[in-house]
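To keep things clear, I will list the structure first and then write my remarks on it.
The values are calculated or read from the model by the stated rules, or taken from the named source; none is laboratory data. None of the values given here were measured: they were computed from a predicted structure. Cβ atoms come from the backbone with ideal geometry, glycine included; neighbour counts cover every protein chain shown. Just the protein is used for accessible areas: all its heavy atoms, side chains included, with ligands, DNA and RNA removed. Shrake-Rupley method; radii C 1.70, N 1.55, O 1.52, S 1.80 Å.
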Amino acid sequence: MADDGWRPRLVALDIDGTLLKWIEGSGQTREEVGGAVYAAVHHAREAGAHIVLASGRSPHGMIPMTHLLDLHESGDPPLWVVASNGAVVFRYPPLEVVHEQTFDARPAVAAVLELHPNALVAVEERGVGYRVNRHFPLGELSGEIIVDELDSLIEEHVSRVIIRDPDASAEDFVELVGRLGLHGTDYVVGWTAWLDLSPMGVSKASGLEYVARELGVDAADVLAIGDGRNDIEMLRWAGRGVAMGQAVDEVKAAADAVTDDVTLDGAARELERWFPGG
């Protein structure tokens with residue numbers, strides 16, 4: 001692509017495992033951006049590319065990343081951000097939700113809990129944090145945590161539901177959703193026994209498609225970088241989809257290329273290819 005003079009007009013970046021390094025064995029990332037990644041993102045921005053963060057995090061959990069990266073300066077137009085695996089698109093600052101898709105999560109949640117009755121359930125409380133049926137492992141959710149009855153959590157349509165079973169594995173959940181089907185609902189299994197339920201057809205790709213349309217950018221002119229199963233649709237949709245080196249095989253198979261591991265600043269290596277910093 002470089003030989004053809006191609007250069008991304010929009011750069012879509014996953015956060016955890018792409019911009020932020022994993023804390024080994026914890027399932028969490030360090031809330032700090034390395035110098036190489038920080039510089040590479042700013043070189044791309046200075047060259048005129050739109051920088052869009054695209055994550056499974058809630059809007060509340062994504063705002064700190066815009067500050068860690070210093071992506072907004074006085075006088076700049078608000079940033080475009082894709083949150084909740086594409087179910088919510090917002091601009092910041094200030095936080096303004098411009099697109100949101102919701103669904104009835106009750107049938108899918110009931111189906112999962114029938115086989116994992118002790119699982120933890122959370123729904124986003126936008127701008128605040130999460131409502132949960134019981135507390136999640138420390139550090140896995142951001143913002144204020146409000147404990148509520150399960151029926152109350154999902155009695156109304158929601159943009160996203162998280163189901164977490166600390167006593168199971170990611171492989172258990174992959175097998176589970178394959179067996180259940182979960183008709184009418186999309187889902188993504190995380191690095192652990194973590195299941196995101198979302199409206200049918202909603203993914204980071206659908207959220208980015210909305211943003212790209214608003215910015216007048218074709219998918220062919222998008223560079224997307226990610227490492228998780230929730231990045232698969234995004235990597236396939238973008239003109240160039242790049243998987244991080246530590247990604248599982250099914251994520252790598254969906255990508256056009258594979259960069260270095262996050263511990264080796266793989267996102268920076270890919271960005272430097274198109275936006276050299278000098």
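By the gyration tensor of its Cα atoms, with a ≥ b ≥ c the square roots of the eigenvalues, what is the shape of region 160-278: rounded for a/c under 1.5, prolate for a/b over b/c, or oblate? Cα axes put region 160-278 in the oblate bin.
Distance between the 7 Å Cα→Cβ label points at Asp261 and Val147: 3.9 nm. Calculated on the Cα set of region 1-136, radius of gyration then Dmax: 17.6, 54 Å.
Axis angle, to the nearest 10 degrees, between helix 59-68 and the longest C-alpha principal axis of the chain: 30 degrees. When the helices of the chain are scored as -39500 (n - 2.57) per DSSP H run of n ≥ 4 and the total is divided over every residue, the value at 222 nm lands at -8000 deg cm²/dmol.
Were the residues from Leu95 through Glu155 laid out at 0.36 nm apart, the gain over their Cα-Cα distance would be 19.0 nm. Residues whose amide H comes within less than 5 Å of that of Gly127, counting only those at least five positions distant or on another chain, are His60 (H built at 1.01 Å from N in the peptide plane).
Counting 0.36 nm for each residue step from Val248 to Arg213 and taking away their Cα separation leaves a gain of 9.6 nm. Going through [x] 16.1; [y] 13.9; [z] 15.0, the figure that equals mean projected area of the Cα convex hull in nm² as computed for the structure here is [y]. The phi-based Karplus calculation (6.51 cos²θ - 1.76 cosθ + 1.60; θ = phi - 60°) puts the 3J(HN,Hα) values of region 211-226 at 5, 4, 5, 5, 8, x, 10, 7, 4, 4, 9, 10, 9, 10, 10, x Hz, whole numbers, x for Gly and Pro. Among the protein heavy atoms of the chain, carbon and sulfur supply 46% of the accessible surface, probe 1.4 Å, non-protein parts ignored.
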